[in-house]
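First up is the structure itself, then whatever we jot down about it.
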Amino acid sequence: MSVLEPTPPTPDEIDAIVDAHANRPGALLPVLHALQERIGWLPDEAVAQVAERLNISRAEAHGVVTFYADFRRAPPGRHVVRLCLAEACQARGGTAVARAAERRLGVAMGETRADGHLTLEPVYCLGLCAIGPSALVDGAPVARLDAAGLETIAEAVGA
Ligand code: FES
């Protein structure tokens, strides 16, 4: 089960997250990560507030959010399956696993199912290269993914 908190943070909560990181150089990235950890995604209004508090332009903050694949601009599903599509996992069959995952889980890579049950996302290296193809299922690492492992994941997330 996903542990993401779906309730958007209040403006005061956003200010508190910014204040916790504001004195660090390059505060924007840790603030955005903390915000996404809090609610699972980055609403435009929240990013705008962060930009204002950090004294940077909205365009700069928006550019960072859209540049990094780790940041979500829409709410994730209740379960999140992240499959590694980086080179080492691809060399171990990761591309075929990803295609099979799309079919079995009923959602395209990078999308959330219409019923909000599940998000399937790419990730680029989990540090498990030697035992790939690798994935994170609701934050838990999974290695040596094959058809049987994919079925176990599908059952675990109720797909
Ligand atoms: S390339 Fe997939 S875990 Fe490193």
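The values are calculated or read from the model by the stated rules, or taken from the named source; none is laboratory data. Small disclaimer: the values here were computed from a predicted structure and weren't measured. Please note: Cβ atoms are built from the backbone with ideal geometry, for glycine as well, and neighbour counts cover all protein chains shown. Accessible surface areas use protein heavy atoms only, side chains included; no ligands, DNA or RNA. Shrake-Rupley method; radii C 1.70, N 1.55, O 1.52, S 1.80 Å.
What shape does the stretch 79-156 take by its C-alpha gyration tensor, where a ≥ b ≥ c are the square roots of the eigenvalues and a/c under 1.5 counts as rounded, a/b above b/c as prolate, and the rest as oblate? Prolate, since a/c reaches 1.5 and a/b exceeds b/c. The stretch 32-59 and the stretch 87-132 have Cα centres separated by 27 Å.
Here the chain exposes an accessible surface that is 55 percent carbon and sulfur, computed with a 1.4 Å probe and the other protein chains kept in place. Ligands, DNA and RNA are left out, and with a 1.4 angstrom probe the accessible area of the stretch 11-67 is 56 Å² per residue.
For a 4.7 Å threshold on C-beta separation, the list of partnerless cysteines in the chain reads Cys125, Cys129.
In the chain, the calculated helix contribution to ellipticity at 222 nm averages -13000 deg cm²/dmol per residue, counting -39,500 (n - 2.57) for every DSSP H run with n ≥ 4. Assuming a ≥ b ≥ c are the square roots of the Cα gyration tensor eigenvalues, decide whether the stretch 33-115 counts as rounded (a/c under 1.5), prolate (otherwise, with a/b larger than b/c) or oblate. The shape class here is prolate. When the Cα positions of Leu28, Ala140, Gly106 are compared along the charge dipole of the chain, Gly106 comes out farthest toward the positive end, with charges on each C-beta of Lys, Arg, Asp and Glu. For the chain, the calculated P(r) over all alpha carbon pairs, in 10 Å bins from 0 to the bin holding the longest distance, is 11, 37, 29, 19, 5, 0 percent. As a calculated quantity, the FRET efficiency between Thr152 and Phe67 at R0 = 25 Å, using C-beta atoms, amounts to about 0.15. Relative contact order, whole percent, for the stretch 11-67 stands at 36, derived from Cα pairs under 8 Å and 6 or more residues apart. For Glu111, the residues whose amide H sits under 5 Å from its own are Leu120, ignoring neighbours fewer than 5 places away on the same chain, with H placed 1.01 Å from N.
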